[in-house]
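What follows is a set of notes on a single structure, which appears directly below.
The values are calculated or read from the model by the stated rules, or taken from the named source; none is laboratory data. The structure displayed is predicted, hence computed values, not measured ones. Virtual Cβ from ideal backbone geometry, glycine too; neighbours counted across all protein chains shown.
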Amino acid sequence: MKSIEIMVKEHENIRRMLKVLREVSYRIMTGGKYDLEDLPEMIDFVRNYADKLHHGKEEDILFEAMNAQIEKLAKSGAITGMYIEHDQGRLFIANLESGYKSFKEGDDRARLDIIGNAIAYTDLLDRHIEKENTALYKFAENMLPDEIKSKVDADCDQVENEATISGTQARYLNMLDIMEDKYRPE
């Protein structure tokens, strides 16, 4: 499925940002060199590229189709687990943002909130991506009827076209390149 190939590629990009976020957390912890104002950019990447664009396609298109078409998965709770992990990730990012704001206002202890939530998020998402890539997407490719696969691909294609027109991918992939260059492990 073309949509799943695109989502796997998005996972690669998300994992790249997870590495950046871990490196920034390490530098905050060890007193290394970092720009605090990069954190809102990373949060923006997570919310708009990883969550709105990528998770939006999963939740609103792929998971909906899988829940409707693959009774075994719907009843097992596998797809519900993916929704729950998306929500956990959103909570970690909200807490990371709150920690950033407190730290910026001078609360030195808030660095714990930044580091703790960043590491929790990166660990959650890395394991989550692995499950989707190796299990859930395979179920979709093997168990969805061809006409549903075509509809999922068409619906995802529409989202991709809208994101291309608005410049979403270009903006966030450029941001990712900049952040990776800036935060290569020392």
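Only one entry of Gly106, Gly99 meets the criterion of being on the phi > 0 side of the Ramachandran plot and out of contact with any Phe, Trp or Tyr (no Cβ under 7 Å at 6 or more places or on another chain), and that entry is Gly106. As a summary of the residue check, Phe139 satisfies the conditions (1) in contact with a Gly (Cβ under 7 Å, 6 or more places away or on another chain); (2) at pLDDT below 95 except for the one numbered (1).
Of everything in region 54-66 that's more than 15 Å from Asp87 (Cα to Cα) and among the hydrophobic types (A, V, I, L, M, F, W, C), which residue is surrounded by the most Cβ atoms within 10 Å (Cβ to Cβ)? Among residues in region 54-66 that are more than 15 Å from Asp87 (Cα to Cα) and among the hydrophobic types (A, V, I, L, M, F, W, C), the one surrounded by the most Cβ atoms within 10 Å (Cβ to Cβ) is Leu62. In a helix (DSSP H, G or I), more than 20 Å from Asp177 (Cβ to Cβ), in contact (Cβ under 8 Å) with a residue 60 or more places away in the chain and not aromatic (Phe, Trp, Tyr): is that true of Arg15 in this structure? No. In this structure, Ser98 does not satisfy being more than 24 Å from Leu21 (Cα to Cα), small (Gly, Ala, Ser) and surrounded by fewer than 16 Cβ atoms within 10 Å (Cβ to Cβ). Checking every residue in region 116-131 against the condition of being under 21 Å from Glu71 (Cβ atoms), assigned to a helix (DSSP H, G or I), in contact (Cβ under 8 Å) with a residue 12 or more places away in the chain and touching a helix residue (DSSP H, G or I) at 6+ places or on another chain (Cβ under 8 Å) gives at least one match. For region 1-39, the tally of residues that are under 28 Å from Glu186 (Cβ atoms), over 15 Å from the mean Cα position of the chain (by Cα) and not polar (S, T, N, Q) stands at 15.
Of Ile28, Ile79, all but one fail to be crowded, with 17+ Cβ neighbours inside 10 Å and at pLDDT below 95; the exception is Ile79.
When we screen Ser76, Ser25, Ser3, Ser102 for residues that are in contact with a helix residue (DSSP H, G or I) (Cβ under 8 Å, 6 or more places away or on another chain), within 14 Å of Leu136 (Cβ to Cβ) and of a type in the set (S, T, N, Q), the only hit is Ser3. Of the residues making up region 75-113, those that are closer than 21 Å to His54 by Cα and among the hydrophobic types (A, V, I, L, M, F, W, C) are Ala78, Ile79, Met82, Ile84, Leu91, Phe92, Ile93, Ala94, Leu96. When restricted to residues that are surrounded by 20 or more Cβ atoms within 10 Å (Cβ to Cβ), among the β-branched types (Val, Ile, Thr) and more than 16 Å from Glu58 (Cβ to Cβ), region 116-166 contains 1.
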